[in-house]
1. If I build a Gaussian network model for the chain, linking alpha-carbon pairs within less than 10 angstrom, which residue out of Pro83, Pro59, Pro28 has the largest mean-square fluctuation?
2. Could I have the simple spin-label model distance between Lys44 and Asp56, label points 7 Å from Cα toward Cβ, reported in nm to one decimal?
3. Using 0.36 nm per residue of separation minus the Cα-Cα distance, give me the extension gain between Arg128 and Lys8 in nm, one decimal.
4. Could you check the spin-label model distance between Ala117 and Glu22? Points 7 Å from the Cα along Cα→Cβ, value in nm.
5. Rounded to whole Hz and in sequence order, give me ³J(HN,Hα) for the stretch 5-16 from the Karplus expression 6.51 cos²θ - 1.76 cosθ + 1.60, θ = phi - 60°, writing x for Gly and Pro.
6. Could you sort 114-120, 3-9 so that the peptide with the highest average Cβ count within 10 Å comes first and the rest follow in order?
7. Taking the Cα centre of each part, how many Å lie between the stretch 74-123 and the stretch 1-41?
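Taken together, the values in this text are just the output of simple stated rules run on the coordinates, not laboratory data. In this text, all values refer to a predicted model and were calculated from it rather than measured experimentally. Positions of Cβ are generated from backbone atoms using ideal geometry, with glycine treated the same way; all protein chains shown enter the neighbour counts.
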Amino acid sequence: MGANEILKALNDSGLILSLVGESIRVAPPQKLTDEFRAMIREHKAALVALLRKPNDPPPTTAHEFFSVYGVWPWVPKWQESHPGRVSLVPEIVDGMFFHWCPECGRWAASGDVFNPAKGKLGYWWCARHDPTQAQNGHSGAFHLGRNSVMV
Ligand SMILES: [Zn+2]
């Protein structure tokens, strides 16, 4: 059985494998049998190679970011650029609203077209890359009810 067949068998059983650094993360844990665990361990190198596809789409959510980088997107210093954060879409996670600059991956403090009542999380940029700043000087973080945001 090759790595492709093993991965398919695991997926067919409802298991999702993802790469975290050099480790394989398996979810959900309650579906991981001893047999599957042994199978993954035996073929780990081939599975890691298979999971590390160079043409993988970049992460768009915090969970995808975590599966690629092994940390949450807010863990690396938020005021510094990060290549993995440029593809993230604005997202509410555990009551926190996260939005990153699509140019550099820094925390994006300036937003536009933000209307959570209509499900629009808007477009956000850091001060350096804000295309709207020249027109109206609009910037700042929006607060969502009792939840707080990083500013
Ligand atoms: Zn930026």
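1. Of Pro83, Pro59, Pro28, the most mobile in the Gaussian network model is Pro28.
2. Placing both labels 7 Å beyond Cα along the Cβ direction yields 1.7 nm.
3. Details: separation 120, 0.36 × 120 = 43.20 nm, distance 4.48 nm.
38.7 nm is the gain from fully extending Arg128 to Lys8.
4. 5.4 nm
5. 5, 4, 4, 5, 4, 5, 4, 4, 8, x, 9, 10
6. So the order, starting with the most tightly packed, is 3-9, 114-120.
7. Centre-to-centre (Cα) distance: 31 Å.
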